[in-house]
1. Of the residues that make up region B:232-245, is at least one within 11 Å of another protein chain (Cβ to nearest Cβ) and in contact with a helix residue (DSSP H, G or I) (Cβ under 7 Å, 6 or more places away or on another chain)?
2. Looking at region B:74-95, can you tell me whether even one residue there is away from every other protein chain (no Cβ under 14 Å) and charged (D, E, K, R)?
3. Given the criteria closer than 28 Å to A:GLN61 by Cβ and either within 11 Å of chain A (Cβ to nearest Cβ) or surrounded by 18 or more Cβ atoms within 10 Å (Cβ to Cβ) (or both), does B:VAL202 qualify?
4. Do you know which of the residues in region B:34-75 that are among the basic types (Lys, Arg) and part of a strand (DSSP E or B) is surrounded by the most Cβ atoms within 10 Å (Cβ to Cβ)?
5. Criterion first (open to solvent by 60 Å² or more (accessible area, probe 1.4 Å) and in contact with a helix residue (DSSP H, G or I) (Cβ under 6 Å, 6 or more places away or on another chain)) does B:ASP107 satisfy it?
6. Only one residue in A:GLU25, A:GLU77 is of a type in the set (D, E, K, R) and loosely packed, with under 11 Cβ neighbours inside 10 Å, so which one is that?
Amino acid sequence: MDATEAADKIRSMCFTEFAITRTNEGYVFGRYIRTDERRKVRVESSTGQVSEFEVSAYVLQKVAEAPTLPELADKLESSGCK
Amino acid sequence: MVCANCKGKKIFKNLECWCIAGKEDKTPFADCKMCSGKGKYNSACPQCKGSGKSPDSYELIFINADTKKQAVVVIGSNNLPALVMTEGQNSSYPDKTWRNWSLPYGDIFRNAFAEIGVSEATHFMYYRNSPIEFGWSFSDIVVADNRMGWDEDPKPEELQRLAKRAAGASFAWQVSQGGPLIWEFRSRQTTEELLEKLYQMVSVRGYTYQFEVTEGNIATGESGWGLWLVSADAKETYAELAVAYDFDVALQSGIEYWDKNYKRINRTVKKWKAEQAKKQK
């Protein structure tokens, strides 16, 4: 398994709401977890309408780490993505 | 030939404006940029840019950037290869009832790539100087299908009409947008080498990078890989470096984007950090 296959394997196992961060030691897989904190967001649509609403704040929680992407994929396969 | 998208209409009239889409009371937004508060707008066909026509033929050029070798593939709606019908009985899918008809350009493109010595394993494909998914658009052109096998199959003359239309539509979008029909191939490093290269490039300036699966960032709404510039401790996200369906394409795009824009991004991040520090005082 090369790095591309490993990344695609992680994607198919863990779907979305995750991030793979490059570090000095290798790669960290983290899951986004919703917190109680709320943040105000202001968006302008292509029609020019401006809406303001509150969204939940998320934090990235470390789940697994490994020196290479194939090793990270193997770890996640045995431990799960959460 | 007549544009396959608007069928020669040129302009789509009285379309419901986005500012009332999904609203129960259907009240338009008074200052709407699209309809000026009318609730409806007209739009030129995006495929032919309002000309009502598509080209009859396309000359596609493929270039190996390293050797300068070129291959040309012509798609001419008046000189099409024989249609190929694929039946469900020959398919690996459990549903054996479907049939589809296609123009077998996939092999023609594969031969052209082989002729100039490029492949997905050794090269990235570039369109307008940006890396794109290898082989994008370069497969058989689907003309018609009968997925459930319940309807009557199209008659031979109908199939010929549909085949001409499909061929005429195949690269109409690029032509209407003024895009050249030239694709370049540049030799590539392995994914491992690219991952390392990007890390060297961003870490020397005190950053790292992060991959996420993004939804909706790609125009058609499908999910793909997003590549982000983040702080060394990964607590702050600064910029989107690339988004692509393929992991490798996102990586290569990110490397090239950072290479061209790192000074500007670096300045923006420093300015933002200074503002944050001021706010905290």
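The values are calculated or read from the model by the stated rules, or taken from the named source; none is laboratory data. All values derive from a computational prediction rather than experimental measurement. Counting neighbours? That spans all protein chains shown, and the Cβs are built from the backbone with ideal geometry, glycine included. Ligands, DNA and RNA are excluded from the accessible area calculation, which covers all protein heavy atoms including side chains. Shrake-Rupley method; radii C 1.70, N 1.55, O 1.52, S 1.80 Å.
1. No: region B:232-245 contains no residue that is within 11 Å of another protein chain (Cβ to nearest Cβ) and in contact with a helix residue (DSSP H, G or I) (Cβ under 7 Å, 6 or more places away or on another chain).
2. yes
3. yes
4. Looking only at region B:34-75, we keep the residues that are among the basic types (Lys, Arg), and these are B:38, B:40, B:49, B:53, B:68-69.
Subset that is part of a strand (DSSP E or B): B:40, B:53.
Numbers: B:LYS40: 13, B:LYS53: 16.
Here the answer is B:LYS53.
5. On the way: open to solvent by 60 Å² or more (accessible area, probe 1.4 Å): yes; in contact with a helix residue (DSSP H, G or I) (Cβ under 6 Å, 6 or more places away or on another chain): no.
Spelling it out, it is not the case that B:ASP107 is open to solvent by 60 Å² or more (accessible area, probe 1.4 Å) and in contact with a helix residue (DSSP H, G or I) (Cβ under 6 Å, 6 or more places away or on another chain).
6. Values: A:GLU77 fails: loosely packed, with under 11 Cβ neighbours inside 10 Å.
After applying the criteria, what remains is A:GLU25.
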